[in-house]
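S.K.: Okay, here's the structure, questions in a sec.
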Amino acid sequence: MPITPAVVEAINNQIQAEFQSAYQYLAMSAWFHENNLPGCAHWMNIQWQEETAHAMKLFGYVHDRGGAVTLQAITAPEHTYASPLDVFRAVREHEAWITSRITELYDIAVAHRDLPLQIMLQWFISEQVEEEAVVDSIIERLQMIGGDGPSIYLLDRELGGRPGGDAVHSSTAEQH
Ligand code: OFO
């Protein structure tokens with residue numbers, strides 16, 4: 001089924017947003033390393049990989065549909081945070097933004113009567129529900145424990161156990 005140039009452009013824009021997300025999460029991983037929370041750093045490392053995989057899923061999809069991928073610039077990510085809670089709140093805000101973008105992309109697919117894209121995007125829509133729920137639960141626990149003391153150590157241990165792919169470790173401390 002042919003894909004229209006406007007739809008290709010919209011998917012290319014989303015590829016940029018997914019790589020931008022990945023880069024942001026890698027910066028957050030660095031922040032956690034600097035702040036001696038290797039488990040949280042690992043969690044963000046997996047998040048970086050997941051967002052990269054999202055970008056590559058769209059990258060492959062454009063090619064499968066006979067379109068051309070045009071990669072766009074990504075900007076320097078935010079590096080400054082006040083606390084672990086501050087970081088995870090920023091993740092939550094960022095994911096809400098991504099969800100709104102996926103919704104807009106879906107609307108474009110509907111407007112162009114692009115049924116294959118609508119079906120493919122259902123995976124992204126479900127993924128966003130899951131991601132937002134996971135981050136909400138981390139934020140709730142961080143609020144409960146007040147953000148420091150022995151409890152943050154336990155949460156850090158837990159987040160360090162996040163499974164995912166063949167993690168590209170950025171320090172030995174991340175490898176629990
Ligand atoms: Fe969670 O952002 Fe990708 O889709």
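The values are calculated or read from the model by the stated rules, or taken from the named source; none is laboratory data. These numbers come from a predicted model, not from an experiment. Cβ coordinates were reconstructed from backbone atoms using ideal geometry, including for glycine residues, and neighbour counts include every protein chain displayed.
S.K.: Are any residues in the stretch 118-160 among the aliphatic types (A, V, I, L, M), surrounded by fewer than 18 Cβ atoms within 10 Å (Cβ to Cβ) and farther than 26 Å from THR103 by Cα, and if so, which ones?
M.R.: MET144, ILE145, LEU154
S.K.: Which one is nearest to ILE15 (Cα to Cα) among residues in the stretch 63-97 that are part of a helix (DSSP H, G or I) and away from the ligand (no atom under 15 Å from the Cβ)? Show your work before the answer.
M.R.: Taking the stretch 63-97 first, the residues part of a helix (DSSP H, G or I) are 63-64, 84-97.
Then drop every residue that is not away from the ligand (no atom under 15 Å from the Cβ), which leaves 63-64, 84-87, 89.
Numbers: HIS63: 13, ASP64: 15, PRO84: 28, LEU85: 28, ASP86: 26, VAL87: 23, ARG89: 23 Å.
By that ranking, first place goes to HIS63.
S.K.: Then there's this: Consider ILE98 carefully, then state whether it is under 30 Å from PRO5 (Cα atoms), among the β-branched types (Val, Ile, Thr), crowded, with 21+ Cβ neighbours inside 10 Å and modelled with pLDDT of 95 or more. Quick ask: steps written out before the conclusion?
M.R.: Details: under 30 Å from PRO5 (Cα atoms): yes; among the β-branched types (Val, Ile, Thr): yes; crowded, with 21+ Cβ neighbours inside 10 Å: yes; modelled with pLDDT of 95 or more: yes.
Yes; evaluated as a whole, the condition is true for this residue.
S.K.: Now, a different point. Looking at the stretch 105-117, which of its residues are free of Cβ contacts under 8 Å to residues at least 60 places away in the same chain, surrounded by fewer than 17 Cβ atoms within 10 Å (Cβ to Cβ) and part of a helix (DSSP H, G or I)? If you could, list the steps in order and put the result at the bottom.
M.R.: So the first thing to find is which residues in the stretch 105-117 are free of Cβ contacts under 8 Å to residues at least 60 places away in the same chain, and the list is 106-107, 110-111, 113.
Then drop every residue that is not surrounded by fewer than 17 Cβ atoms within 10 Å (Cβ to Cβ), which leaves 107, 110-111, 113.
Listed by number, the residues that qualify are ASP107, VAL110, ALA111.
S.K.: Determine which member of the set PHE19, PHE59, PHE32 is under 18 Å from the mean Cα position of the chain (by Cα) and farther than 23 Å from SER100 by Cβ.
M.R.: PHE32
S.K.: Only one of ALA30, ALA55, ALA10 is away from the ligand (no atom under 16 Å from the Cβ) and aliphatic (A, V, I, L, M). Can you tell me which?
M.R.: Going through ALA30, ALA55, ALA10 in turn, just one is away from the ligand (no atom under 16 Å from the Cβ) and aliphatic (A, V, I, L, M): ALA30.
S.K.: Residue under question is ALA6, and the condition is that it be part of a helix (DSSP H, G or I), buried (at least 19 other Cβ atoms within 10 Å of the Cβ) and aliphatic (A, V, I, L, M); does it hold?
M.R.: Taking the combined requirement at face value, the residue does not satisfy it.
S.K.: Within the stretch 101-143, work out how many residues are under 20 Å from ALA6 (Cα atoms), away from the ligand (no atom under 15 Å from the Cβ) and not hydrophobic (A, V, I, L, M, F, W, C).
M.R.: Counting residues in the stretch 101-143 that are under 20 Å from ALA6 (Cα atoms), away from the ligand (no atom under 15 Å from the Cβ) and not hydrophobic (A, V, I, L, M, F, W, C) gives 6.
S.K.: Filter the stretch 33-50 for residues that are within 10 Å of the ligand (Cβ to nearest atom) and buried (at least 22 other Cβ atoms within 10 Å of the Cβ) and give the result.
M.R.: Going residue by residue through the stretch 33-50, those that are within 10 Å of the ligand (Cβ to nearest atom) are 47, 50.
Selection gives GLN47 alone.
S.K.: Only one of (1) in contact (Cβ under 8 Å) with a residue 60 or more places away in the chain; (2) not in a helix (DSSP H, G or I) is not met by ASN36, so which one is it?
M.R.: Only one criterion is unmet by ASN36, namely (1).
S.K.: Could I ask something else about it? For the subset of the stretch 71-83 comprising residues that are over 17 Å from the mean Cα position of the chain (by Cα) and over 12 Å from GLN20 (Cβ atoms), which member is surrounded by the most Cβ atoms within 10 Å (Cβ to Cβ)?
M.R.: TYR81
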